[in-house]
Structure formats: structure tokens, C-alpha cells
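A.B. asks: Below: one structure in C-alpha cells.
The values are calculated or read from the model by the stated rules, or taken from the named source; none is laboratory data. If you're wondering where the values come from, they're calculated on a predicted model, not measured in any experiment. Glycine gets a Cβ as well: all are built from the backbone with ideal geometry, and neighbour counts include every protein chain shown. To get the accessible areas, we keep the full protein, side chains included, count just its heavy atoms, and leave off ligands, DNA and RNA. Shrake-Rupley method; radii C 1.70, N 1.55, O 1.52, S 1.80 Å.
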Amino acid sequence: MDANKGKGEQGMQNPGGQMDRPVSFHFLESMLPKVVKRRVHALKRLQVQCANIEAKFYEEVHELERKYAALYQPLFEKRRDIVTGTVEPTDEECEWHSDREEEEELAEEVKEKAAIEDAKKEEATPEEDPKGIPEFWLTIFKSVDMLSDMLQEHDEPILKHLKDIQVKFSEPGQPMSFTLEFHFEPNGYFNNAVLTKVYKMKSEPDASDPFSFEGPEIIDCEGCQIDWHKGKDVTVKTIKKKQKHKGRGTVRTVTKQVPNDSFFNFFNPVKASPDGEMDEDSEFTLATDFEIGHFFRERIVPRAVLYFTGEALEDDESFEEEELEEGDEEEQDEDGDDDDDEGDFDPKKEQPQPAECKQQ
């Protein structure tokens with residue numbers, strides 16, 4: 001199952017596999033004098049012990065994360081109440097001083113003109129007072145590429161009823177895991193008040209390859225059964241096919257249900273194979289699922305309002321752009337080396353320097 005593992009806790013690692021090793025490392029070790037090789041083996045045993053200690057460290061990190069989740073919870077509950085309109089925040093709670101210079105430098109007369117225009121609009125149109133923050137979570141889904149790729153048009157009316165997304169951590173003494181809870185208001189699509197997705201994790205070095213350990217990793221996930229109302233299941237579609245009787249030549253029309261693309265397939269994930277043998281498509285699907293679960297846990301749920309306003313998206317895009325620029329420059333450098341061989345290199349020209357990678 002190595003190809004399906006997704007890292008957790010300290011950041012999502014590449015779910016596609018373990019670190020690449022130099023092809024010649026066995027050769028290099030074989031070239032060492034026997035007495036030196038013996039000492040290297042001792043160092044490897046020490047390294048395995050270090051990996052085991054590191055695994056315990058991450059287990060304690062998980063417990064600490066669970067403890068602080070309880071401190072965040074009242075704030076997330078207040079967020080839910082404001083989003084759903086259950087609670088109206090006070091004037092003091094709504095105060096927010098923007099640090100955008102263009103807003104701070106806005107001329108007073110422009111402000112007054114805007115106020116007059118707003119007053120005219122209010123007189124001309126009936127006053128609207130939407131409840132809470134309409135389509136809060138749906139807006140996030142549509143804004144984030146990783147989620148919008150899963151979203152279908154027929155999913156959107158359902159996600160308008162999504163009230164909250166919560167992360168729950170496993171209890172002390174239980175196997176390491178976290179659960180995503182999607183809380184829905186009563187709706188005409190299914191009876192469930194909460195849809196869940198459990199991500200199972202482990203924090204221990206692989207006995208067959210202990211040096212690949214880089215922290216806790218997601219090893220499997222479980223969805224839940226959705227109790228759809230009749231005719232409302234968007235994860236399947238009904239198609240009609242004509243069948244011709246071989247003997248009599250008569251034709252009949254039959255209907256059958258086939259799988260349909262939908263975000264709600266998220267709650268019916270591909271299962272990890274116990275023996276680790278999976279086809280390439282299943283491995284990719286499972287690895288992507290792990291990545292999405294981790295993204296919900298680490299980014300979407302803790303910083304939901306910033307994804308709603310787009311501020312978090314700007315941060316993510318800036319990081320990706322700088323990373324891409326650095327890669328482009330490395331490729332240009334390689335091309336430059338080729339030019340070098342052709343004798344076109346001018347040592348007087350200043351060479352481009354790699355851009356700094358923005359830290360998250």
C-alpha cells in the first residue's frame with residue numbers, strides 16, 4: 001500500500017510514494033572496508049531507534065492537537081451560528097479595520113457620495129436582509145480548485161444546505177484518526193443531519209523500510225451511508241437502453257442505474273487493499289482522496305472565512321507561482337548549460353538568480 005499513503009500531522013507529503021534513493025547506494029556501501037561497513041550498520045540501527053522515537057513524538061503531537069481542538073471549538077461554533085443566521089454579531093464584534101491603503105486614503109467626499117447613492121438605492125428597492133451568510137460553504141467549494149473539480153452542477157443545490165464542517169480527532173488510547181463531519185440543515189435530498197468521513201492514520205516506521213518514515217500518514221478512509229430521498233440520489237443516474245430479442249425480434253426498453261459524477265461520491269471512497277495490490281487508477285484515486293481530506297483538515301476548516309473572501313486563495317496562488325518561477329529558472333539554467341557547450345555563453349552577462357520560495 002506504499003503508493004497510497006498520504007502524510008498527515010506536519011504537512012501533506014507526496015502521497016505517491018517514498019523518497020527516491022540513489023541507484024548506487026548499495027554499490028557505495030559495498031565498496032567500504034569491512035570494518036567501516038560494520039560501523040555503518042551500527043549507525044543504521046541507531047537511525048531506526050531515532051525513527052521509533054520520532055513516531056512517539058508525532059503521537060504526542062496528535063494528542064496536543066486534539067487538546068487544542070477543544071479550545072478552537074467554541075470559536076468554530078460561533079462561526080457556524082453567524083453563518084447560519086442563528087446569532088447576529090454585535091457592532092463591536094463586526095468592527096474590522098482594513099489595512100488596505102487604498103481604503104484608508106479614500107477621500108471623505110467620495111465616501112459621502114457613496115452614502116448618498118446607497119440611500120437612493122434603498123429607497124428605490126425593498127430592503128433585503130439575508131439570513132446569515134448565504135452559500136458560505138458552497139462559495140468556498142466553488143473557489144478552491146481541488147474542491148471545484150469534484151463539484152457538479154447538481155451538487156450545488158444540496159451544498160446550499162451545508163451548515164458547517166468540523167474536524168474531530170480520535171480519543172486518547174484509540175488508533176490515530178480524524179473525522180470530517182459535514183453538518184446539513186433539513187433538506188429535500190437526504191435524511192442525514194451529518195455526513196462523515198473517517199481518515200485512519202498510523203505513526204510508526206515501516207518494518208520493511210524504516211528510513212522512509214517522515215511522520216504520521218493516512219493509510220485508509222471510511223465514508224458513510226447517505227439516506228437519499230427517493231429519486232434524489234445524485235451519485236447515480238438512470239439511463240434507458242433498447243434490447244432486441246434474438247428469436248422473436250421484438251424490442252423492449254429497459255432502465256438501469258449507473259454511477260454519476262458527484263461531490264457526494266466523496267462519502268463512498270475506494271477502499272485500501274489489505275495486501276497493497278491495487279490498479280493504478282485506484283491508487284491515484286485513493287491518494288487524491290487522502291490529499292483532499294488533509295486539505296479540509298489543515299486549511300479549509302481552520303481558515304474558512306479566508307477561503308470565502310479569497311484571501312487564502314491569493315496566498316496559495318502566490319506560493320505556487322513563486323515555486324513555478326523557480327522551476328522555470330532552473331530549466332533555463334539547464335538550457336544555458338547547453339548553450340555553454342556551443343560557445344555562446346557570455347561571462348559578462350549577469351545570470352538570473354533563483355527566486356526565493358515563499359514559506360507557508
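A.B. asks: Between Glu185, Glu153, which is touching a strand residue (DSSP E or B) at 6+ places or on another chain (Cβ under 6 Å), loosely packed, with under 15 Cβ neighbours inside 10 Å and charged (D, E, K, R)?
C.D. replies: Answer to the selection: Glu185.
A.B. asks: For the range 214-234, state whether one or more residues are closer than 30 Å to Leu46 by Cα, in a loop (DSSP other than H, G, I, E, B) and in contact with a Pro (Cβ under 8 Å, 6 or more places away or on another chain).
C.D. replies: no
A.B. asks: May I pose another question? Looking for whichever is over 16 Å from Phe266 (Cα atoms), open to solvent by less than 20 Å² (accessible area, probe 1.4 Å) and at pLDDT 95 or above here; the options are Ile140, Ile165, Ile158. Which one fits? Reasoning before the result, please.
C.D. replies: Working: Ile165 fails: over 16 Å from Phe266 (Cα atoms); Ile158 fails: over 16 Å from Phe266 (Cα atoms).
Result of the check over Ile140, Ile165, Ile158: Ile140.
A.B. asks: May I ask you to list pairs of residues, at least six apart or on different chains, whose Cβ atoms are under 6 Å apart, with the first in the range 249-274 being part of a loop (DSSP other than H, G, I, E, B) and the second being among the polar types (S, T, N, Q)?
C.D. replies: Listed pairs, sorted by first residue: Asn260/Thr235; Asp261/Gln152; Ser262/Gln152; Ser262/Thr235; Val270/Ser282; Val270/Thr285; Ala272/Asn4.
A.B. asks: Considering only the range 267-290, I want to know if a residue exists there that is of a type in the set (D, E, K, R) and modelled with pLDDT of 85 or more.
C.D. replies: yes
A.B. asks: For the range 152-176, which residues satisfy the criterion of being of a type in the set (A, V, I, L, M) and farther than 15 Å from Phe296 by Cα?
C.D. replies: Once the filter is applied, which keeps residues that are of a type in the set (A, V, I, L, M) and farther than 15 Å from Phe296 by Cα, the range 152-176 yields Ile158, Leu159, Met176.
A.B. asks: I want to confirm something. Restricting to the range 12-44 and keeping residues that are part of a helix (DSSP H, G or I) and within 36 Å of the chain's Cα centre (by Cα), which single residue is modelled with the lowest pLDDT?
C.D. replies: Ranking the candidates gives Phe25 first.
A.B. asks: Taking Phe266 as meeting all but one of (1) open to solvent by less than 80 Å² (accessible area, probe 1.4 Å); (2) touching a strand residue (DSSP E or B) at 6+ places or on another chain (Cβ under 8 Å); (3) farther than 22 Å from Lys142 by Cα, write down the number of the exception.
C.D. replies: Exception for Phe266: condition (3).
A.B. asks: Just give me the residues in the range 190-222 being surrounded by fewer than 17 Cβ atoms within 10 Å (Cβ to Cβ) and of a type in the set (Phe, Trp, Tyr), in sequence order.
C.D. replies: Matches in the range 190-222: Phe211 only.
A.B. asks: Do we have any residue at all in the range 223-241 that's closer than 30 Å to Phe57 by Cα and either in contact with a Ser or Thr (Cβ under 9 Å, 6 or more places away or on another chain) or crowded, with 17+ Cβ neighbours inside 10 Å (or both)?
C.D. replies: Yes - at least one qualifying residue is present in the range 223-241.
A.B. asks: When both residues are 6+ apart or on different chains and their Cβ atoms are under 7 Å apart, which pairs have a first residue that lies in the range 133-155 and is within 15 Å of Ile292 (Cα to Cα) and of a type in the set (Lys, Arg), and a second that is open to solvent by 10 Å² or more (accessible area, probe 1.4 Å) and in a helix (DSSP H, G or I)?
C.D. replies: Matching pairs, first to second residue: Lys142/Ser148.
A.B. asks: Now for a separate question. Output the residues belonging to the range 289-307 that are crowded, with 18+ Cβ neighbours inside 10 Å and either over 16 Å from Glu217 (Cβ atoms) or not charged (D, E, K, R) (or both).
C.D. replies: Phe290, Ile292, Gly293, His294, Phe296, Arg299, Ile300, Val301, Ala304, Tyr307
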